[in-house]
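Engineer: Have a look at the structure that comes next, please.
Here, each number is a calculation from the coordinates, and none is a lab measurement. For clarity, every value in this text was computed on a predicted model and none was experimentally measured. Here Cβ is always computed from backbone atoms with ideal geometry, including for glycine, and neighbour counts include all displayed protein chains.
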Amino acid sequence: MTKNSNFLNKLLIFSLIWIVIDGVFRKWVFPGLSNQIFVLKYVFFALTFGLHYLQNRVVKKIKSGYQFLIVVFCFWCVFEFFNNQHNAPFLVRAFGIVIHIFFIPLIMVIPQYFNTLTKVEKMIKILGYLSIPIFAIGIIQYYLPSDHILNYLVNKNQKIALVSTFTRSLSIFTFVKIYNIYLLFVLLIFINYIYYLQHQNRNTTFYVVLSIFGILNLFMTASRLPIFILGGFLVISTSYLYLQIKSIRKNIFIISLASIIVGTTLYAGSESFKESVDAFISRVELVEHIAEKGVKGYSYKDRIIDRFQIFKFSEEAGWTGFGIGLTYQGTGNFLTNIRPEIQYEEEGERIVLELGIIGGIIVLLFRLSILLYTLKIFFKIRHINYAILTLPFVLYIIPPTFFLLNVTFNYFDGFVYWFSFAMVLTMQKIYTEDPIIK
């Protein structure tokens with residue numbers, strides 16, 4: 001390995017860790033430099049992508065439909081950069097380009113670094129150790145007053161979110177939504193990794209404990225969608241593994257039964273679990289009660305329908321939209337007089353407002369093509385160890401495909417989406433190059 005390659009690998013790992021922990025520095029270490037620190041993640045990844053290109057200097061030919069559609073999408077974003085109907089400042093349009101396409105190069109960089117199962121397992125182990133203090137802080141925050149330093153918010157316009165009498169946890173992150181994505185992502189990995197270790201007769205205690213406290217943290221965020229998505233994913237994962245791995249069907253049944261027993265025991269015997277679950281249920285009931293009084297947008301059903309209706313404002317947006325960056329929350333200070341006077345919130349409708357009907361169609365097509373390509377890879381994997389490790393990344397790609405989770409307007413969600421797809425490509429590469437498989 002050359003010195004440049006070694007530096008690139010270290011820079012990549014540092015960037016991957018930094019995007020998780022930068023909230024520590026934004027909230028508590030240098031709160032006065034929050035905006036500047038926010039930009040650092042982009043600087044580190046830009047350096048990583050640039051160095052990767054300089055070392056390889058290869059532009060791969062388009063071989064798949066998803067690659068073609070990604071290129072089309074990038075060209076459309078460039079077009080929208082110049083589609084400046086509202087005289088948006090250069091900075092707004094530049095941010096628009098960043099939020100839409102910045103993390104796409106991960107699909108080229110990640111497979112080159114994580115080129116062995118050992119490195120993939122090391123990544124999972126690092127996530128595990130990182131999660132220990134993250135989960136601990138999340139639990140502590142839940143019981144602290146909203147004005148405590150651990151509950152500090154970098155956005156002065158944001159209000160502390162409460163659930164019942166508790167503070168909704170966001171741990172080291174700057175928004176509850178970002179913490180939700182982290183929890184959903186790592187719990188998918190940890191729980192499937194437990195089955196992977198179980199299949200190899202290796203100790204699972206560390207990841208079982210992590211998963212329990214991760215689920216506790218998820219209830220402490222009191223967010224409906226991530227909890228329901230995780231529940232659905234657990235059913236899919238368990239069912240798939242039960243059908244595919246005959247040798248551990250008994251263990252899977254025992255683990256599933258034990259999980260129900262442990263969950264019931266924790267709810268009955270642990271104040272933290274009982275209080276967080278009860279507070280979550282209370283929030284769900286309150287929101288649904290408000291919805292029953294005729295307030296639109298509160299019920300779970302309304303929120304899901306809104307997420308699916310990406311062309312809700314197609315008439316206002318037209319074929320080409322208002323221009324890139326105009327609905328991004330981070331550019332609001334620059335757009336007080338020119339932002340569209342429309343009550344938008346969900347990602348799909350914001351994408352169409354920015355990129356128009358054409359842009360919305362392109363985004364929908366390229367996400368569907370990525371999902372189909374991902375499933376194609378997954379179902380070609382015949383070795384169960386590879387399948388188990390690939391499964392969480394495949395599952396994560398499903399919700400953003402249908403706009404249930406963000407890819408564009410939540411930087412961490414966008415990062416996790418492209419990282420997940422990159423990991424599927426990584427597992428395909430490792431699998432096809434494994435001499436034992438060959």
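Engineer: On each of the three principal axes of the Cα atoms of the stretch 67-162, give max minus min coordinate, whole Å, ordered largest first.
Structural biologist: 49, 45, 17
Engineer: Sort 365-371, 51-57, 36-42, 345-351 for me by packing, meaning the mean count of neighbouring Cβ atoms within 10 Å per residue, highest on top. Working shown, then result.
Structural biologist: Working: 365-371: 19.1, 51-57: 13.3, 36-42: 15.4, 345-351: 22.0.
Top to bottom by mean Cβ count within 10 Å: 345-351, 365-371, 36-42, 51-57.
Engineer: Sum up the charges of everything whose Cβ sits under 10 Å from the Cβ of Phe313, counting Lys and Arg as +1 and Asp and Glu as -1, but leave Phe313 out.
Structural biologist: -1
Engineer: May I ask you to order 126-132, 178-184 by the average number of other C-beta atoms within 10 Å around their residues, highest value first?
Structural biologist: 178-184, 126-132
Engineer: At a Förster radius of 22 Å, what calculated FRET efficiency corresponds to the Cβ-Cβ distance of Gln36 and Ile13, to the nearest 0.05?
Structural biologist: With a Förster radius of 22 Å, E is 0.45.
Engineer: State whether the stretch 91-132 is rounded, prolate or oblate according to the following rule on the C-alpha gyration tensor (a ≥ b ≥ c being the square roots of its eigenvalues): a/c under 1.5 gives rounded; otherwise a/b larger than b/c gives prolate, and the remaining case gives oblate.
Structural biologist: On the way: a/c = 6.55, a/b = 1.91, b/c = 3.43.
Taking the square roots of the gyration eigenvalues as a ≥ b ≥ c, the stretch 91-132 is oblate.
Engineer: For the stretch 303-438, just the Cα atoms, rotate onto the principal axes and tell me the three extents in Å, largest first.
Structural biologist: Largest to smallest, the principal-axis extents are 62, 26, 25 Å.
Engineer: How would you rank 201-208, 273-280, highest first, on the average number of other Cβ atoms within 10 Å across their residues?
Structural biologist: Packing order, densest peptide first, comes out as 273-280, 201-208.
Engineer: Give me the percent of Cα-Cα pairs in the stretch 210-287 that sit more than 19 Å apart, rounded to a whole number. Walk me through the numbers before you get to the answer.
Structural biologist: On the way: 1342 of 3003 pairs.
Cα-Cα pairs of the stretch 210-287 separated by over 19 Å account for 45 percent.
Engineer: Now, a different point. Rounded to the nearest 500, what is the 222 nm mean residue ellipticity of the chain from helices alone, with -39500 (n - 2.57) per DSSP H run of 4+ residues and division by all residues?
Structural biologist: Values: 16 runs with 302 residues, N = 438.
Computed mean residue ellipticity for the chain: -23500 deg cm²/dmol.
Engineer: Still on this structure, I have one more. Using the alpha carbons of the chain, what is the convex hull volume per residue in cubic angstrom, as a whole number?
Structural biologist: 157 Å³
Engineer: For Thr118 and Ser282, FRET efficiency with R0 = 51 Å and r from the beta-carbon atoms, rounded to 0.05?
Structural biologist: Working: r = 45 Å, r/R0 = 0.89.
For Ser282 and Thr118, the calculated efficiency is 0.65.
Engineer: Let me know the volume per residue of the alpha-carbon convex hull for the stretch 173-221, in Å³.
Structural biologist: Per residue, the Cα convex hull of the stretch 173-221 comes to 56 Å³.
Engineer: So if each residue of separation counts as 0.36 nm, and I subtract the Cα-Cα distance between Val262 and Ser146, what length gain in nm does that give?
Structural biologist: The span from Val262 to Ser146 would gain 38.7 nm if fully extended.
Engineer: Between Val154 and Phe206, what is the spin-label point distance in nm, taking each point 7 Å from the Cα along the Cα→C-beta axis?
Structural biologist: About 2.9 nm separates the two model spin labels.
Engineer: Can you pull the Rg over Rh of the stretch 1-51, Cα-only, Kirkwood?
Structural biologist: 1.08
Engineer: Roughly speaking, what is the stretch gain from Met108 to Gln55, that is 0.36 nm per residue apart minus the C-alpha to C-alpha distance, in nm to one decimal?
Structural biologist: 17.8 nm
Engineer: Over the chain, with a Gaussian network built from C-alpha contacts below 10 Å, which listed residue (Leu243, Leu162, Leu234) shows the highest mean-square fluctuation?
Structural biologist: Leu243
Engineer: Over the stretch 95-210, how many percent of alpha carbon pairs lie in each 10 Å bin up to the one with the longest distance?
Structural biologist: Values per bin, smallest distances first: 11, 32, 30, 21, 5, 0.
Engineer: Ok, one more. Can you divide the C-alpha Rg of the stretch 10-91 by 2.2 N^0.38 Å and report the result to two decimal places?
Structural biologist: That works out to 1.47 for the stretch 10-91.
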